[in-house]
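*Asks:* Okay, here's the structure, questions in a sec.
The values are calculated or read from the model by the stated rules, or taken from the named source; none is laboratory data. Since this is a predicted model, take the numbers as computed values, not measurements. Cβ atoms come from the backbone with ideal geometry, glycine included; neighbour counts cover every protein chain shown. All accessible areas refer to the heavy atoms of the entire protein, side chains included, with ligands and DNA or RNA removed. Shrake-Rupley method; radii C 1.70, N 1.55, O 1.52, S 1.80 Å.
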Amino acid sequence: MTVQIDHALEEIRRFRPSPEFAAQSVADPALYEAANADRLGFWADQARELLTWHKPFTRTLDWSNPPFARWFDDGELNVAVNCLDRHVAAGLGDRVAIHFEGEPGDSRDITYAELTDEVKRAANVLEGLGVGTGDRVAIYLPMIPEAVVAMLAVARIGAIHSVVFGGFSSDSLASRIDDAEAKLVITADGGYRKGRVFPLKPTVDEAIGKSAGSVENVLVVQRTGNDITLEPGRDEWWHDTVGAAASEHEATAFEAEHPLFILYTSGTTGKPKGVVHSSGGYLTQVAFTHKYVFDLHPETDVYWCTADVGWVTGHSYVVYGPLANGATQVLYEGTPDTPHPGRWWEIVEKYKVSILYTAPTAIRSFMKLGRQIPHEFNLRSLRLLGSVGEPINPEAWIWYRHVIGGGSIPVVDTWWQTETGAIMISALPGITDLKPGSAQVPIPGISIDILSDDGTPVEGEGGGLLVVSEPWPSMLRGIWGDPERFKETYWEKFGDKYFAGDGARRDEDGDIWLLGRVDDVMNVSGHRLSTAEIESSLVAHPWTAEAAVVGASDETTGQAVVAFVILKASQADVASADVAAASEELRKHVATQIGAIARPRQVFIVNELPKTRSGKIMRRLLRDLAEGRQIGDTTTLADTSIMQIISEQVK
Ligand code: WTA
C-alpha cells in the first residue's frame, strides 16, 4: 500500500464538473442539505420515492437493540416486483433490461417484459420443487441472464439466495452449501472463459458429494453443451422445467427486514462469513446510489458494470440497483481479452455504453497494454466512469478519464464493502469537484468517521480507522448463523459504530483517502481473500509443516498472495531436490482447494518463519521481504537473525 499512499500525498489535481454535465445531472446539492437536516427523514423519503411498497412503512429505523438494525420494518414489499413487474405496469415492458453478450459472440436482448415472464416461470418452478419462504438456494452460474433470473426468482418467493462465484472450487462450494443448508442448487453445464468451456456441473456434483446432504434438487442451465450427468430424481434441466412452467405468478409481499440474500466473504479467520442482507433497506440504498452516483437517466443510458454476480458488486450494481431503477444494461459473460484484447471496447462501441463501472485492476491491465487498443473503437458514447474494489491510484484514474473517457467525463471512485451492501463514499458527479485517488465524501445520509485505535477522532495526515458512525439502510443484518461473530468482528471495537477494517485519512478539504485494509484481509484484483484461509489450505497439504501468507503490493492486481512455507522434515529431500516443483505443487493445491483467484503468486520454501517470543508470526516483516523493501524493525523477534536467513533462502 505504501506506493499508493505516497502518490496520494502528492496528488493535487482537481476536476470541476463541466457545466453541461452539471446542468443535466440528476443529483442536486439539496440532497446533502436534506440528509444533513434530517437523516432518517431523508432515507424514508428515498425509500418511498424509489420503491413501491405493498404496505407502506411508518417506522424508519429501530436501533433499540444495536448492532441489530431494523429499517422500515412495518412496511412490506416484494423485491422482484420492484425490479420487474412495476416497470412493465408503468408501460416500460419493451425497454431492454439486458443486452447479453456471450464470450463466443452470441448475443441476445431481453426486455423488462421478457425478464419478468422468465422470473415468474422460474418462481413457479422453485415453488414446485418445494422451495419456500426463508429456504436457501445456492446459485453457481456463469455471467448469463439466467443468473439474474435465478436471483430474482428466489427473491420473488421470499427464499434466500447464496450466490457462489463460479471460480470457486468444490470445497468452497460445499462449505457454503453446508453453512446455509441450501436446499436447491442452480447451476449450468458450464460457461465460456478465455475461449474455452469451463465446466460447472461436475463441480456441483463433487460439492454435493462432500456436503452434509441438505441439497434436494439441482437445476441445470444448458449453456455450453459439455457432457454432464443428471442424477435422476435430483437434477433437472432449467429449460425443461422453466420452459414448461406457467408465466403467471402472483407475488406476495414480505416484511422489509425479510432476508434477501447471504453472500460469503473472506474475513480474518479461515472460515468465510455469510453476510446477510435484508430487503427494504438494501433495495433503498442500492437504488439510491445507483441513480445518483451514476447519474442514471434510464430512458437513454446504457449502463455496464463489469463485475460478476458472484461478488457483491454484481448483486448491488448488476442485479438489484439497475433493475430497481429500470435501467438498460450490458451483461458480458467472458474475460476482457477474449478473443482479442479490445473486447470490452468493442462491447462499449456495439451497445453505445454510456456508464461504465469497473475495477482499478482492470484499468491497470489495460494501461499496460497501451492506449492504441481502446483507441481502435468508438468510445464517445461514454459519459461517466466508475471505479470500485480497491484504491485507484491517481495515474490509473487519469488514464481512465483520458484514454477511455476522452478527457472530460467524470470518474467516480466508490468505496463500500460486501457488508455495507451499497456505495457509502463517492463523489456525486455534477456536484463534487473530483480528486483522483480519493473516494472523497460520504454519500448523503451516511456518516463516516476516522478514529484512532482508542476511538478518538483523527484529523489530517496520519490517518486512522474508518468507521460508519450511524446505521444505514443497506447495512448487513448479521452473519448467517453466528450473531456473536457479527458483534465481535464489526462492533466490539467501537461500541455502536461499525468498524470497516480499512485505514483512511481525511484531507484539509474533508475528502477521504482509503489506505487499504488494516486486518489480515488481502485485496487481489478487487477480490477479498483472507490470509488465514490460504494458510489453512497450505497447511492442509501433506508436505506442509507451517505456512504464512501476506498480501504484497502488485502493479496490476493491487495486492498479490505471497506464501512462505516450511516443509515437514520428511519432505526435506523433495524440497532440496526441486524447490521450484515443490512450490508449484503448493500453488496448484491452493487453487484447487479454494479457487484460482486464491492461487499464490509465489510460494517460498523456507526453513524458518519470523516469530515473536510469544510465537506470533510477524507478517509485516514477510511483507517487507515480498515487496523487496528494507526489512523493518526486528527487535521483537525471538531470534533477530531469522530474517537474514529467510532473505537468503528467498533469493
Ligand atoms: C476495498 C467490494 C479503496 C476496501 C465492493 C474494502 C476499496 C474492501 C474501494 C471491500 C475503493 C472497495 N477504494 N478501497 N473505492 N472499494 N475497497 O467486500 O478495502 O469485496 O474494505 O466489496 O475492498 O471488498 P468487498
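*Asks:* Using only the alpha-carbon atoms of region 99-255 as identical scatterers, what base-10 log of I(q)/I(0) does the Debye formula give at q = 0.11, 0.17, 0.18 Å⁻¹?
*Replies:* So the normalised log intensities are -0.40, -0.98, -1.10.
*Asks:* Size of the dipole of region 358-461 about the Cα centre, Lys and Arg at +1 and Asp and Glu at -1 on the beta carbon, nothing else charged, in debye to 20?
*Replies:* Values: 7 positive and 11 negative charges, 178 e Å.
Dipole of region 358-461, to the nearest 20 debye: 860 debye.
*Asks:* To continue, here is another question. DSSP loop (so not H, G, I, E, B), at most 13 other Cβ within 10 Å: list which trypsin sites (Lys or Arg not before Pro) in region 314-422 pass both filters. Write down the numbers at each step before the final one.
*Replies:* Numbers: sites: Arg343, Lys350, Lys352, Arg364, Lys368, Arg371, Arg380, Arg383, Arg401; in loops: Lys352, Arg371, Arg380, Arg383.
Passing both the DSSP loop test and the Cβ count: Arg371, Arg380.
*Asks:* Determine the shape class of region 191-296: with a ≥ b ≥ c the square roots of the Cα gyration tensor eigenvalues, call it rounded for a/c under 1.5, and otherwise prolate if a/b is greater than b/c, oblate otherwise. Walk me through the numbers on the way to the answer.
*Replies:* Working: a/c = 1.64, a/b = 1.40, b/c = 1.17.
Judged from the Cα gyration tensor, region 191-296 comes out prolate (a/c at least 1.5, a/b above b/c).
*Asks:* According to a simple spin-label model (label point 7 Å from Cα along Cα-to-Cβ), what is the distance in nm between Ala569 and Ser647?
*Replies:* 3.0
*Asks:* For Gly437, enumerate residues with amide H under 5 Å from its amide H, sequence gap 5+ or separate chain, H modeled in the peptide plane.
*Replies:* none
*Asks:* Compute and list, largest first, the equivalent-ellipsoid semi-axes of region 155-245 from the alpha carbon gyration tensor, each √(5λ) rounded to a whole angstrom.
*Replies:* Working: eigenvalues 74, 60, 34 Å².
So the equivalent ellipsoid measures 19, 17, 13 Å along its semi-axes.
*Asks:* If r is the Cβ-Cβ distance from Glu181 to Thr612 and R0 is 35 Å, what FRET efficiency results, to the nearest 0.05? Working shown, then result.
*Replies:* On the way: r = 40 Å, r/R0 = 1.15.
E between Glu181 and Thr612, to the nearest 0.05, is 0.30.
*Asks:* Of the listed peptides 193-205, 416-428, what is their order by residue-averaged count of other C-beta atoms within 10 Å, with the highest listed first? Please report the intermediate quantities before stating the final value.
*Replies:* Working: 193-205: 18.0, 416-428: 25.1.
Going from most to least packed, we get 416-428, 193-205.
*Asks:* Oh, and also: Which one of Tyr292, Val197, Thr229 has its Cα pushed farthest toward the positive end of the charge dipole of the chain, where Lys and Arg give +1 and Asp and Glu give -1 at the Cβ?
*Replies:* It is Val197, whose Cα lies furthest towards the positive end.
*Asks:* With a 1.4 Å probe and all protein chains in place, put Glu390, Glu216 in order of accessible area, largest first.
*Replies:* On the way: Glu390 20, Glu216 95 Å².
Accessible-area ranking of Glu390, Glu216, largest first: Glu216, Glu390.
*Asks:* While we're looking at this one, here's another question. How many angstrom lie between the Cα centre of region 425-464 and the Cα centre of region 474-522?
*Replies:* 14
*Asks:* Which ³J(HN,Hα) values, rounded to whole Hz and listed in residue order, are derived for region 128-136 from phi using the Karplus coefficients 6.51, -1.76 and 1.60 in 6.51 cos²θ - 1.76 cosθ + 1.60 with θ = phi - 60°, glycine and proline given as x?
*Replies:* Karplus values, whole Hz, x for Gly and Pro: x, 7, x, 7, x, 3, x, 5, 9.
*Asks:* Straight-line reach from Lys352: which aspartates and glutamates have a Cα under 13 Å away, not including same-chain ones fewer than 8 places off?
*Replies:* Asp301
*Asks:* Right, next: Beyond 26 Å between alpha-carbons counts as too far, so tell me which of Lys350/Lys435; Lys201/Lys273; Lys183/Lys273; Lys487/Lys568; Lys55/Lys273; Lys368/Lys435 fall in that bin. Provide the component values of the computation, followed by the final result.
*Replies:* Details: Lys350/Lys435 31 Å; Lys201/Lys273 24 Å; Lys183/Lys273 19 Å; Lys487/Lys568 38 Å; Lys55/Lys273 32 Å; Lys368/Lys435 23 Å.
Checking Cα-Cα distances, Lys350/Lys435; Lys487/Lys568; Lys55/Lys273 exceed 26 Å.
*Asks:* In region 459-555, carbon and sulfur make up what percent of the accessible area (probe 1.4 Å)?
*Replies:* Working: 1560 of 3390 Å².
Taking all protein chains in place, region 459-555 shows 46 percent carbon and sulfur surface.
*Asks:* Give a quick list of trypsin sites (Lys or Arg not before Pro) in region 221-302 that DSSP marks as loop, anything other than H, G, I, E or B, with at most 15 other Cβ atoms within 10 Å. Display every interim value, and only then the final one.
*Replies:* Numbers: sites: Arg223, Arg234, Lys273, Lys291; in loops: Arg223, Arg234.
Counting only loop positions with at most 15 other Cβ atoms within 10 Å, the trypsin sites (Lys or Arg not before Pro) in region 221-302 are Arg234.
*Asks:* Calculate log10 I(q)/I(0) of region 410-467 for q = 0.26 Å⁻¹, where I(q) comes from the Debye formula with a single equal point scatterer on each Cα and nothing for solvent.
*Replies:* -1.13
*Asks:* Keeping every protein chain present and rolling a 1.4 Å probe, give me the accessible area per residue for region 525-649 in Å². Intermediate results must be reported in sequence, preceding the final value.
*Replies:* Numbers: 5560 Å² over 125 residues.
Per-residue accessible area for region 525-649 comes out at 44 Å².
*Asks:* Separate question: Based on the Cα coordinates of region 25-92, what is the per residue volume of their convex hull in Å³? Numbers along the way, then the final one.
*Replies:* Numbers: hull volume 8.1 nm³, N = 68.
Looking at region 25-92, the number lands at 119 Å³ per residue.
*Asks:* For Lys194, give me every one of the lysines with a C-alpha distance below 16 angstrom, ignoring sequence neighbours fewer than eight places off in its own chain.
*Replies:* Result set, ordered by chain and number: empty.
*Asks:* Any aspartates and glutamates with Cα under 16 Å of the Lys651 Cα? List them, leaving off those in the same chain fewer than 8 positions away.
*Replies:* Asp578, Glu608, Asp624, Glu627
*Asks:* HN-Hα J couplings of region 527-533 from phi, Karplus 6.51/-1.76/1.60, θ = phi - 60°, integer Hz, Gly and Pro as x?
*Replies:* Working through the residues one at a time gives 9, 7, 9, 9, 4, 5, 5 Hz.
*Asks:* Can you pull out the trypsin sites (Lys or Arg not before Pro) in region 40-123 that DSSP calls coil and that have at most 12 other Cβ atoms within 10 Å? If you can, show how the numbers build up before the last one.
*Replies:* Details: sites: Arg48, Arg59, Arg70, Arg86, Arg95, Arg108, Lys120, Arg121; in loops: Arg59, Arg95.
Those that pass, being in a loop and sparsely packed, number zero.
*Asks:* A further question follows. Taking region 6-504, how much of its Cα-Cα pair set, in percent, is spaced more than 31 angstrom apart?
*Replies:* 42
*Asks:* Could you list which residues have their amide H under 5 Å from that of Leu331, counting only those 5 or more apart in sequence or on another chain, with H placed in the peptide plane?
*Replies:* For Leu331, whose amide H was placed from the backbone, the distant partners under 5 Å are His99, Phe100, Glu101.
*Asks:* Hey, got the dipole for the chain? About the Cα centre, +1 on K and R Cβ, -1 on D and E Cβ, debye to the nearest 20? Working shown, then result.
*Replies:* On the way: 59 positive and 89 negative charges, 162 e Å.
For the chain, the charge dipole is close to 780 debye.
*Asks:* Let me ask something else about it. What nm value, rounded to one decimal, do you get for the distance between His375 and Asp496 when each label is placed 7 Å out toward the C-beta?
*Replies:* If labels sit at His375 and Asp496, their model points lie 5.7 nm apart.
*Asks:* Sticking with this one: Quick one: Debye curve from the C-alpha atoms of region 397-552, no solvent, what's log10 I(q)/I(0) at q = 0.08, 0.11, 0.12, 0.13 Å⁻¹?
*Replies:* The computed values of log10 I(q)/I(0) come out as -0.29, -0.54, -0.63, -0.72.
*Asks:* For region 78-133, state what percent of all Cα-Cα pairs lands in each successive 5 Å bin, counting from 0 Å until the bin that includes the largest distance.
*Replies:* Values per bin, smallest distances first: 5, 18, 21, 20, 16, 13, 7, 1.
*Asks:* Counting each DSSP H run of 4 or more residues in the chain as -39500 (n - 2.57), what helix-only mean residue ellipticity at 222 nm follows after dividing by all residues, to the nearest 500 deg cm²/dmol? Don't skip to the answer; put the middle values down first.
*Replies:* Numbers: 21 runs with 195 residues, N = 651.
The per-residue figure over the chain is -8500 deg cm²/dmol.
*Asks:* To the nearest 20 debye, what charge dipole does region 241-358 have about its Cα centre, counting +1 at the Cβ of each Lys and Arg and -1 at the Cβ of each Asp and Glu?
*Replies:* Values: 6 positive and 12 negative charges, 76 e Å.
Dipole magnitude for region 241-358 comes out near 360 debye.
*Asks:* Charges on Cβ only, +1 for Lys and Arg, -1 for Asp and Glu, centred on the Cα centroid of the chain; of Pro142, Trp513, Ala598, which one is farthest towards the dipole's positive end?
*Replies:* Ala598
*Asks:* While we're on this one: Apply the a/c threshold of 1.5 to the C-alpha gyration tensor of region 248-303 and tell me whether it is rounded, prolate or oblate.
*Replies:* Values: a/c = 2.53, a/b = 1.33, b/c = 1.90.
Cα axes put region 248-303 in the oblate bin.
*Asks:* Based on alpha-carbon positions alone, could you give the equivalent ellipsoid semi-axes of region 525-649 from the gyration tensor, as √(5λ), descending, whole Å?
*Replies:* 21, 19, 13
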